[in-house]
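The values are calculated or read from the model by the stated rules, or taken from the named source; none is laboratory data. As the structure is a prediction and not an experimental result, all values here were calculated from the model. As a convention, Cβ positions derive from the backbone with ideal geometry for all residues, glycine included, and neighbour counts pool all protein chains shown. Only protein heavy atoms, including side chains, enter the accessible area calculation; ligands, DNA and RNA are left aside. Shrake-Rupley method; radii C 1.70, N 1.55, O 1.52, S 1.80 Å.
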Amino acid sequence: MASWVASLLLASVAGSAAGAGDDLVLHKYQRQQLTDVYFSEGAGAGDLNRDGHVDAVYGPYWFQGPDFKTKHELYPPKPQNREGYADNFFSWVHDFNGDGWNDIFVVGFPGRPAYVYENPKGDFAKHWVKHQVFDSVGNESPHFVQLVGDKRPELICTFNGAFGFATIDWKEPFKQWTFHVISKRAAPKPFGHGLGVGDVDGDGRNDIIIVDGWFQQPKGDPENSRWTFHEAKFSNAYGGAEMHAYDVDGDGHNDIVTSHAAHDYGLAWFQQDRSGPVTVFREHLIMGKQPKQSRYGTLFTEPHSVALADMDGDGLKDIVTGRTFYSHHKQSPMWDAGAVVYWFKLVRTPASPSKGAARVDWAPHQIDGVSGIGRQITIADINGDRLPDIVVGGMVGAHVLVQSRQKVDRATWEAARPKPLAPLPRPLRRGPFPAIAKDTGRVAGALEAEDMTIARASAGKTSVQAMGGFPRDRWSGDKQLFWSGAKPGARLELTFDVPAKANYAVAAAFTMARDCGIVRVLLDDATLGEPIDLYNFPDVISTGALALGTKTLDAGNHRLTLELSGANVAAVGGDKMGLDYVRLTAAGDR
């Protein structure tokens, strides 16, 4: 059975508008069903018979490429209960004993042992020899990738309530692997959602990422040392799937890409922001609980697996995910809304000096609506055409999704192009953080918002809020003016005095939080800069001193107006605003 589902790419100018001479290309995926029987929650790929073709692995079978019509047994097949869970969750292909024949590493239900099935070297009429190599693999997103030492892989997982990784004695790879505990921090036992590997801090060494932070790999002896833990919240729920460290916005710092909740809602990337006194990771929601929380209205649940790969050859990694169909049976929301697979194309709009930070977009393309994804997504060039294909397995069986490309005319390309429902937002680049004087606890020359005169609030209420309880940043005077209960269009008017006429550079420091809205700033009824989106998850942080523009001001009283113009789609309420201070710098003082 096969199905063609179109997605698209502007091949020659990836991520920008098409020019008259550009090739317009659609990506298509042909779905081939390997089996409709539930054997496993994941599927792998690799050349198992040394014929130069990639084969697919799903549960007790491997399917011979390139046509996948012939299947061979690894072990006695037993269909699994769809109202329960399989005894096989993940499969990776690797030559463990160096004999030139790829073996298969299998991880089962969380907390159960892991096995290597040894390749019989061409005698595929018999079952493969099974070697138990690890007693209990915890976490629902283990990784089998290079972490420490040479280029060979390790198993990253949890074990008996501890975070860590298992190394292999490559002289005797089928003997018990050795687990290395990296922290005293307790891990969920044996389950837990969200686990990843990547270089978070840019020191050239891979770190381990979990839902509430990351473990920094030490420079020396990572197998026998405790890894420093850095707290950061990478989920608005209990955690999702595989977590990836990747420089999404091209600023030179790796960000985090993952789903929020494996059995529920949410897909996001977390921007690594080093502009303030403490590094923070700021959420950018790709898909939420409602269609309006996606720029394209995309909504599906159960993103229990997330892969990151360059699907269109533009040099940027894209997201591949979908619905892990029936992952919690009928308990998950929208469980029966279709077993979809998507890829989200990463598009960067380059920054210009006048417009500030680069904009990031993730354009969704549905690949399939039948196969779903299970708990493991394998990306591989199945047919040798140098295009990445997808192998998935789960409760609806196993499928291969083979990519092809087709040049089309502009009308066809435009018809297939995903249509955004809202303009591409401009991410806020935080301003500088002027020093806070030790003797006063304030920024020199700042007009403290809590000391300014409130002329009028058209809606909501104002108060002075102490900010000492938010450790991720510092506030001048440890206080802010807090405005809550406002509605779009509401205005808060403040007055202040200017000592002398001059041309002033105007800056202001606001507070960012998950319940803050978008604010337009006016000075004496003239708009300063663009509206400022004050949403941030998970931390309460400062914007720093945002440059709002220059204005000639006479000596005397002036009016600063803050207008609530809306809210980020991810904001909780979005009816609040916090202002720390305003800073005026005369031309002669700069």
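Per-residue answers, yes or no, for (1) part of a loop (DSSP other than H, G, I, E, B); (2) out of contact with any helix residue (DSSP H, G or I) (no Cβ under 9 Å at 6 or more places or on another chain); (3) more than 30 Å from residue 118 (Cα to Cα); (4) among the polar types (S, T, N, Q):
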{"residue": "166", "(1), (2), (3), (4)": "no, yes, no, no"}
{"residue": "171", "(1), (2), (3), (4)": "yes, yes, no, no"}
{"residue": "174", "(1), (2), (3), (4)": "yes, yes, no, no"}
{"residue": "179", "(1), (2), (3), (4)": "no, yes, no, no"}
{"residue": "197", "(1), (2), (3), (4)": "no, yes, no, no"}
{"residue": "203", "(1), (2), (3), (4)": "yes, yes, yes, no"}
{"residue": "219", "(1), (2), (3), (4)": "yes, yes, yes, no"}
{"residue": "226", "(1), (2), (3), (4)": "yes, yes, yes, no"}
{"residue": "229", "(1), (2), (3), (4)": "no, yes, yes, no"}
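Please enumerate the residues belonging to the stretch 302-324 that are surrounded by 24 or more Cβ atoms within 10 Å (Cβ to Cβ) and in a loop (DSSP other than H, G, I, E, B).
If the condition is that a residue be surrounded by 24 or more Cβ atoms within 10 Å (Cβ to Cβ) and in a loop (DSSP other than H, G, I, E, B), then 302, 303, 304, 305, 306, 311, 312, 323, 324 are the ones that fit.
If you scan the stretch 117-150, which residues turn out to be over 23 Å from the mean Cα position of the chain (by Cα) and not in a loop (DSSP other than H, G, I, E, B)? Break it down into steps so the answer makes sense when it comes.
Step one: of the stretch 117-150, the residues over 23 Å from the mean Cα position of the chain (by Cα) are 117-137, 148-150.
Within the stretch 117-150, 117, 118, 129, 130, 131, 132, 133, 134 meet the criteria.
Name the single residue, out of those in the stretch 467-483 being open to solvent by 20 Å² or more (accessible area, probe 1.4 Å) and assigned to a strand (DSSP E or B), that is farthest from residue 564 (Cα to Cα).
Looking at the filtered set, the residue picked out is 479.
Is it the case that residue 237 is on the phi < 0 side of the Ramachandran plot and under 17 Å from the mean Cα position of the chain (by Cα)?
yes
Out of the residues in the stretch 76-94 that are open to solvent by less than 40 Å² (accessible area, probe 1.4 Å) and touching a strand residue (DSSP E or B) at 6+ places or on another chain (Cβ under 7 Å), state the one that is nearest to residue 328 (Cα to Cα).
In this case the residue turns out to be 89.
Within the group 511, 495, 462, which residue is within 23 Å of residue 234 (Cα to Cα), out of contact with any helix residue (DSSP H, G or I) (no Cβ under 9 Å at 6 or more places or on another chain), part of a strand (DSSP E or B) and touching a residue at least 24 places away in the same chain (Cβ under 8 Å)? Talk me through it step by step, then tell me what you get.
Details: 495 fails: within 23 Å of residue 234 (Cα to Cα); 462 fails: within 23 Å of residue 234 (Cα to Cα).
Only one candidate qualifies: 511.
Would it be correct to say that residue 582 is at negative phi, open to solvent by less than 60 Å² (accessible area, probe 1.4 Å) and in contact with a Leu (Cβ under 8 Å, 6 or more places away or on another chain)?
In short, yes.
May I ask you to list the residues in the stretch 552-570 that are more than 16 Å from residue 483 (Cα to Cα), surrounded by 16 or more Cβ atoms within 10 Å (Cβ to Cβ) and at pLDDT 95 or above?
Once the filter is applied, which keeps residues that are more than 16 Å from residue 483 (Cα to Cα), surrounded by 16 or more Cβ atoms within 10 Å (Cβ to Cβ) and at pLDDT 95 or above, the stretch 552-570 yields 553, 558.
Please determine whether any residue of the stretch 154-164 is surrounded by 16 or more Cβ atoms within 10 Å (Cβ to Cβ) and within 28 Å of residue 71 (Cα to Cα).
Taking the stretch 154-164 and keeping what is surrounded by 16 or more Cβ atoms within 10 Å (Cβ to Cβ), we get 154-159, 162-164.
Right, trim to within 28 Å of residue 71 (Cα to Cα) and you get 155.
Yes; the residues of the stretch 154-164 include at least one that is surrounded by 16 or more Cβ atoms within 10 Å (Cβ to Cβ) and within 28 Å of residue 71 (Cα to Cα).
Can you tell which of 422, 455 is over 30 Å from residue 569 (Cβ atoms), of a type in the set (A, V, I, L, M, F, W, C) and either in contact (Cβ under 8 Å) with a residue 40 or more places away in the chain or part of a strand (DSSP E or B) (or both)?
When all the criteria are applied, what remains is 455.
List every residue pair whose Cβ atoms sit under 8 Å apart, with the two residues 6 or more apart in sequence or on different chains, where the first one lies in the stretch 50-68 and is over 14 Å from residue 378 (Cβ atoms) and the second, anywhere, is charged (D, E, K, R) and open to solvent by less than 10 Å² (accessible area, probe 1.4 Å).
Here the result reads 64/55, each pair linking the stretch 50-68 to a residue that is charged (D, E, K, R) and open to solvent by less than 10 Å² (accessible area, probe 1.4 Å).
If we scan the stretch 529-537, do we find a residue that is of a type outside the set (Phe, Trp, Tyr), in a loop (DSSP other than H, G, I, E, B) and buried (at least 20 other Cβ atoms within 10 Å of the Cβ)?
Scanning the stretch 529-537, I find at least one residue that is of a type outside the set (Phe, Trp, Tyr), in a loop (DSSP other than H, G, I, E, B) and buried (at least 20 other Cβ atoms within 10 Å of the Cβ), so the answer is yes.
Determine whether residue 402 is open to solvent by 10 Å² or more (accessible area, probe 1.4 Å) and within 25 Å of residue 335 (Cα to Cα).
Criteria not met by residue 402.
Yes or no: residue 350 open to solvent by 10 Å² or more (accessible area, probe 1.4 Å), under 30 Å from residue 23 (Cβ atoms), of a type outside the set (Gly, Ala, Ser) and without any contact (Cβ under 8 Å) to a residue 40 or more places away in the chain?
In short, yes.
List the pairs whose first member sits in the stretch 102-128 and is β-branched (Val, Ile, Thr), whose second member is at pLDDT 95 or above and open to solvent by 50 Å² or more (accessible area, probe 1.4 Å), and whose Cβ atoms are under 6 Å apart, counting only residues at least 6 apart or on separate chains?
106/115
Any residue in the stretch 257-273 that is β-branched (Val, Ile, Thr) and crowded, with 16+ Cβ neighbours inside 10 Å?
yes
Does any residue of the stretch 218-227 turn out to be within 23 Å of residue 304 (Cβ to Cβ) and open to solvent by less than 50 Å² (accessible area, probe 1.4 Å)?
There is no residue in the stretch 218-227 that is within 23 Å of residue 304 (Cβ to Cβ) and open to solvent by less than 50 Å² (accessible area, probe 1.4 Å).
When you go through 200, 181, 211 one by one, which is the residue that is in contact with a His (Cβ under 9 Å, 6 or more places away or on another chain), open to solvent by 20 Å² or more (accessible area, probe 1.4 Å) and of a type in the set (A, V, I, L, M)?
211
Given the structure, is residue 405 closer than 30 Å to residue 312 by Cα, not in a loop (DSSP other than H, G, I, E, B) and not aromatic (Phe, Trp, Tyr)? If you could, list the steps in order and put the result at the bottom.
Details: closer than 30 Å to residue 312 by Cα: yes; not in a loop (DSSP other than H, G, I, E, B): yes; not aromatic (Phe, Trp, Tyr): yes.
The answer is yes for residue 405.
Give the residues of the stretch 287-301 that are over 24 Å from residue 140 (Cβ atoms) and either among the aromatic types (Phe, Trp, Tyr) or not in a loop (DSSP other than H, G, I, E, B) (or both), sorted by residue number.
If the condition is that a residue be over 24 Å from residue 140 (Cβ atoms) and either among the aromatic types (Phe, Trp, Tyr) or not in a loop (DSSP other than H, G, I, E, B) (or both), then 291, 292, 293, 296 are the ones that fit.
Name the residues in the stretch 455-466 that are over 35 Å from the mean Cα position of the chain (by Cα) and open to solvent by 70 Å² or more (accessible area, probe 1.4 Å), would you?
456, 461, 464
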